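The values are calculated or read from the model by the stated rules, or taken from the named source; none is laboratory data. None of the values given here were measured: they were computed from a predicted structure. As a convention, Cβ positions derive from the backbone with ideal geometry for all residues, glycine included, and neighbour counts pool all protein chains shown. Surface accessibility is based on the protein's heavy atoms, side chains included, excluding ligands, DNA and RNA. Shrake-Rupley method; radii C 1.70, N 1.55, O 1.52, S 1.80 Å.
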Amino acid sequence: MGLEAIILAGGLGTRLRKVVPNLPKPLAKVQDQPFLDLLLHQLATSKQIQKLILAVSYKAETIIDYYTTRGKKYSFPISFSVEGQPLGTGGAIKKALAQTKGSFILVMNGDSYVEFDIAQLVTHHLRKKQPITLVLTHQDDLQRYGNVLVDPLSCQVRAFREKSNATKSGLISTGVYLIDRNAFEGWPEKKSFSLEKDFFPARIQNGMSAFITHGKFIDIGLPESYKRAHNYLQNELKELQ
């Protein structure tokens, strides 16, 4: 079964600009490779993806120019959903949905990498029959991340907790989701809203499932994590060469 994907690639990347001043965050070079290339390679090797939409805003023309030509090497077509004004992670997805047809869509953050099996994620989503599935992973240090509370038997998401020094470890969102397109019904068009802070907390009562992965996970949102990615993703980056 073919699957459509949306990658959120429109963030301002403010915290990363002192080390990557001239590029949008998803094009930040990791061992001379744009970070976003790693995500596209991951999608291509899964053989599940039939179409990709890049949701772009900040320095959108740079991303469009890069993938208009280089994107042709992938097994799926790439199109662009351009925000005239920033719509937040939730608004960006809702806008990009206009270019999709599937009953559910794979969504990924353009500044984080997580090792997971797309086919297994789809099987889990269909089996659990929840409108939203979150890909989660265990993190030992939650100072940078909010904590997701999950029922261990049903894999049902029960609550979201803000970042806290009190909770030392737990499950966090990796920025990868399967979302039914009808989950966005009732949200106004062209409205800026956050997927994590607005949409998920409002929709949790409708049913939300957790898919837990134990693979690699890193985001490049901070200079220190960006620096760490060069060695941490060394094997994955070799496959791009």
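With respect to the conditions (1) buried (at least 18 other Cβ atoms within 10 Å of the Cβ); (2) under 16 Å from the mean Cα position of the chain (by Cα), LEU16 lacks only one, and its number is (2).
Can you confirm whether the range 21-41 contains a residue that is surrounded by fewer than 21 Cβ atoms within 10 Å (Cβ to Cβ), touching a helix residue (DSSP H, G or I) at 6+ places or on another chain (Cβ under 7 Å), modelled with pLDDT of 90 or more and part of a strand (DSSP E or B)? For the range 21-41, residues surrounded by fewer than 21 Cβ atoms within 10 Å (Cβ to Cβ), touching a helix residue (DSSP H, G or I) at 6+ places or on another chain (Cβ under 7 Å), modelled with pLDDT of 90 or more and part of a strand (DSSP E or B): present. Starting from residues that are within 23 Å of LEU23 (Cα to Cα), assigned to a helix (DSSP H, G or I) and touching a residue at least 24 places away in the same chain (Cβ under 8 Å), keep the ones in the range 194-241 and report whichever is most open to solvent (accessible area, probe 1.4 Å). Checked the range 194-241; the qualifying residue most open to solvent (accessible area, probe 1.4 Å) is LYS227. I want to confirm something. Restricting to the range 45-70 and keeping residues that are under 19 Å from GLU83 (Cα atoms) and among the polar types (S, T, N, Q), which single residue is surrounded by the fewest Cβ atoms within 10 Å (Cβ to Cβ)? Across the range 45-70, the extreme among qualifying residues is THR68. Of all residues in the range 78-98, those that are in contact (Cβ under 8 Å) with a residue 60 or more places away in the chain and more than 16 Å from the chain's Cα centre (by Cα) total 3.
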